[in-house]
Each structure stands twice: as structure tokens, then as C-alpha cells.
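Since every read-out is calculated from the coordinates, none of them should be taken as a lab result. These numbers come from a predicted model, not from an experiment. Here the Cβ positions follow ideal geometry from the backbone for every residue, glycine too, while neighbour counts run over all protein chains shown.
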Amino acid sequence: MSQGKGEDSLLCRLKGGDRRSIGRSNDVVAQVKRVPSRFAEVMGGMVTDNDLLVRIRAADAAEKITVEHPEYLQPFKRLLLERAARSNLPEVRWHIAQMIPRLRLSRAERQAACAIIGGYLRDRSRIVRTCAMQALADLTERDPQLRPRARRTIKILIATGSPAMKSRGRKLLVRLASKPS
């Protein structure tokens, strides 16, 4: 089975349409679930494809796949934290925010992840900021020392954010309050 830019490429399925559409990303998700080794193609497309729609849809597909299979992300940890996180596409950034907490991270990597999420909390996109707020709370699952900082940050975002951020933030504070620091 050929992979990459050929006609059998998963990335070819992600071309066309406009930014508001996920195109055939669900087909790509199904294919990767059948052939997990093809996840690498999706991750590569998210970072290196010249077509911005392919990068956006590859991020969508990678996020959907890793809900069930977070272990697929682990070999791509460095790619995600160092290259993908620098994307200027909000649609890619919000998916990255969703994926970062799924990684097993060392202390230094967790600090890098927090820096990425912190940058996303200042993004122009309200969706990116909302996903980043969720990611910050999710990171506290593996590192309870982050909870006080997460609570403070979420309280600020509730006071200043969009209605969606306020709603999500209130739910996150309830969740964080139920766990010891």
C-alpha cells in the first residue's frame, strides 16, 4: 500500500472545499483505525502539507483518532510540541490544545506544554482560547501541582472571556475544586 503523495494518500482525501468543512476527515479516521501505521501520514500532513485545508483536516483527524488511541501520539510528541504547536492556523491550534494533555510528558515537556497552552490562552480565536482552557485543566490530571495556577487562570478567563469560555470555565472550576491540590 503506497503512502504519502500518491493517489492512495490519506492526505489526498483531505483536499478541496473550504475551511468550514471537515471534508473527508472522518474517512481518514476510519482508515487509520483499520491501519494504525497510517497515523504517521496524518501527523505529517498536519505539519508539512502545503495545502492549509489538508493541515486543518489532518489536525481534526489526528484529534479524533487520539480520543480513543492517545498512545498513537506518543511517537510524535516532539513533532507536536515543537513544530505543530507553532501553527498559525486556529483550526490546527485548537486540535493541538485538545491533544497535548493526551501525551505522557516529562516535567520539562510539561513546562513546554504549559507554555504552548499559555500562548493559546492569548489567541485571537475564542475557540482556541476555550480549548486551551480545557487543556490547562486536563493537564492537571497528571500534574496536580498545576491546579492552583489552572484555577487562577480559569477565574480570570471567566471574568473576561466569551460566553462559551465562561460556561466551560465554570464547569472546569467545579471539576478542579473536587480534586485536592
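Which whole-number percent gives the relative contact order of the chain, counting Cα pairs below 8 Å spaced six or more residues apart? Please report the intermediate quantities before stating the final value.
Values: 211 pairs, mean separation 24.2, N = 181.
That works out to 13 percent.
Which semi-axes, in whole Å and largest first, does the equivalent ellipsoid of region 1-104 have when worked out from the alpha carbon gyration tensor as the square roots of 5 times its eigenvalues? Working shown, then result.
Details: eigenvalues 67, 52, 29 Å².
Each semi-axis is the square root of five times an eigenvalue, giving 18, 16, 12 Å.
Could you give me the radius of gyration and the Dmax of region 107-181, taking only the C-alpha atoms into account and expressing both in angstrom?
11.4, 33
Enter the per residue convex hull volume of region 42-88, computed from alpha-carbon coordinates, in Å³ rounded to the nearest integer. Numbers along the way, then the final one.
Details: hull volume 2.9 nm³, N = 47.
Dividing the Cα hull volume of region 42-88 by its residue count gives 62 Å³.
When only DSSP loop residues count, what trypsin sites (Lys or Arg not before Pro) in region 86-157 have their Cβ near at most 13 other Cβ atoms within 10 Å? Can you show the working numbers first?
Numbers: sites: Arg86, Arg93, Arg102, Arg104, Arg107, Arg110, Arg122, Arg124, Arg126, Arg129, Arg142, Arg149, Arg151, Arg152, Lys155; in loops: Arg104, Arg122, Arg124, Arg142.
Passing sites in region 86-157 are Arg104, Arg122, Arg124, Arg142.
Helix 107-120 sits at what angle to the longest principal axis of the chain, using alpha carbons and giving 0 to 90 degrees rounded to 10?
90 degrees
Only Cα pairs within less than 10 Å get springs; with that Gaussian network setup on the chain, which residue of Asp143, Asp27, Asp18 has the largest fluctuation?
Its mean-square fluctuation being the largest, the pick is Asp18.
Size of the chain along its principal axes in angstrom, Cα-based, largest extent first?
50, 32, 24
Just report the Cα centroid separation between region 28-96 and region 99-148, whole Å.
17 Å
For Lys171, which lysines qualify as cross-link partners when the Cα separation must be under 29 Å and same-chain residues fewer than eight apart are set aside?
By straight Cα distance, Lys171 reaches Lys64, Lys77, Lys155, Lys179.
Which longest uninterrupted range of the chain lacks any GluC sites (Glu not before Pro) assigned by DSSP to a loop state (not H, G, I, E or B) and surrounded by at most 16 other Cβ atoms within 10 Å? Present the calculation step by step, with values, prior to reporting the outcome.
Numbers: sites that count: Glu7, Glu141.
Answer from the scan: 8-140.
Report, to the nearest 10°, how far helix 163-177 tilts away from the longest principal axis of the Cα atoms in the chain, using its own Cα long axis and a range of 0 to 90°.
Computed tilt is about 70 degrees.
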